[in-house]
Amino acid sequence: MIGESSDSSLESSPFVGKTQSDVWFKVIVMGVGIGIPIFMLFLYLEALISESLPAVRAFGLDVVGNQRWDPVGNSYGIWTFIYGTIMTSVIGVLIALPVSVMASVYIYEFVPVRYKRLLRTFVDLLAAIPSVIYGLWGIFVLIPFLKGTLFVFLGSFGVRITSGYSLFTAGLVLAIMITPILMNIIIEGFDTVPQTLREAMFSLGATRWEVSRQVTIGTTKSTMFVALMLGLGRALGETMAVTMVIGNDNNPPRSLFDIFSSGQTISSLIANEFSEASGQLYFSMIFELALILFLITFVFNTLGIVVLNRLRKE
């Protein structure tokens, strides 16, 4: 009887089950959490598509394969800028990811506990530096350094380097920019590793390197992939720092790996020429470039989600 009375009192309690307030709260939270992002995405796409339609109707898909960008001659080819966008982002990620993993492992495994918080705060500060400061540092520090060291070395092997302003320099600046972001995400992933796994490995006689490789890194592959995709998305859309060090040259690349010549990305072209766009087609072409950049980012993120789901299943 006592058990039955307690059960009936729980069933009649306003805190058990769904009340009308719970239903309305769920509807409001769902509307805010899902409706607003979808609505904002719709607004962005509507503006990009409507403004780029004149250029799409006039040139179709021919602009993707065309390499000549000449608004005065009414010729709009965007392959050079697609190449610059993808190449600088790939260079940045290829440099930043291994450096980020090694630095994160060092901070997590080897730094004394009393200094870990200090180093992580320092990494957070690096991630918060504005991109224009990275661009200025690239102009006055990085480019002179590369011209006096790496570019001289490569030139002795016949590599043609026109100036320090190049796709490689832009990719290197991007790598420096996204490394703190990658490190933050990777270290957060390391924090989720159960300490019992590490202690079990140590008790079996494993070295610190073996624990780092098999447990710390081995159990956080999905986290590293998330960091990779977020860093790639950051690199694809970076504008100011890239614009300051890439050279802003509209000439097409001479080969597939012509990374030591000046170039442009889609973002840098939009930043340089948006204020100068005159005429409906020129203005519309700028919006089409923005739409293409959005599609490139969307494709990379979609592929990242697919691969991430597969990693999680494994």
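Every number in this text was worked out from the coordinates using simple rules, so none of it is lab data. Predicted, not measured: the structure shown is a model, and the values here were computed from it. No Cβ is skipped: glycine too gets one built from the backbone with ideal geometry, and neighbour counts run over all protein chains shown.
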> How much mean residue ellipticity at 222 nm does the chain get from its helices, if each DSSP H run of length 4 or more adds -39500 (n - 2.57) and you divide by all residues, to the nearest 500 deg cm²/dmol?
Replying inline: -21500 deg cm²/dmol
> Suppose R0 equals 41 Å; then what is the FRET efficiency for MET30 and THR149 from their Cβ-Cβ distance, rounded to the nearest 0.05?
Replying inline: 0.15
> Loop-only check: which trypsin sites (Lys or Arg not before Pro) in segment 198-293 are DSSP coil with at most 14 other Cβ within 10 angstrom?
Replying inline: ARG254
>> Could you derive backbone 3J(HN,Hα) for segment 112-125 from the dihedral phi with the Karplus parameters 6.51, -1.76 and 1.60 (θ = phi - 60°), listing whole Hz in sequence and x where the residue is Gly or Pro?
In response: x, 4, 5, 9, 4, 4, 5, 5, 5, 5, 5, 5, 4, 5
> By its C-alpha gyration tensor, with a ≥ b ≥ c as the square roots of the eigenvalues, how is segment 158-314 shaped: rounded for a/c under 1.5, else prolate for a/b larger than b/c, else oblate?
Replying inline: prolate
> Roughly speaking, what is the centre-to-centre gap between segment 30-69 and segment 242-307 when only Cα atoms are used, to the nearest Å?
Replying inline: 15
> How do TRP79, TRP24 rank when sorted from fewest to most other Cβ atoms within 10 Å of their own Cβ?
Replying inline: TRP24, TRP79
>> Report the Cα centroid-to-centroid distance between segment 119-138 and segment 192-210 in angstrom, as an integer.
In response: 34
> What ranking of GLU199, GLU109 emerges when the number of other C-beta atoms within 10 Å of each C-beta is taken as an exposure proxy, fewest first?
Replying inline: GLU199, GLU109
>> Using amide H atoms built in the peptide plane, which far-off residues or other-chain residues are under 5 Å from TRP69 H to H?
In response: GLY77
> Label-point separation (nm) for PHE39 and ASP22, each offset 7 Å from Cα along Cα-to-Cβ?
Replying inline: 2.7
>> With 10 angstrom as the radius, rank GLU238, GLU51 by how many other C-beta atoms surround their C-beta, starting from the fewest.
In response: GLU51, GLU238
> Got a sec? Charge dipole of the chain, +1 on Cβ for Lys and Arg, -1 for Asp and Glu; which of ALA290, LEU61, SER163 is way out at the positive end?
Replying inline: SER163
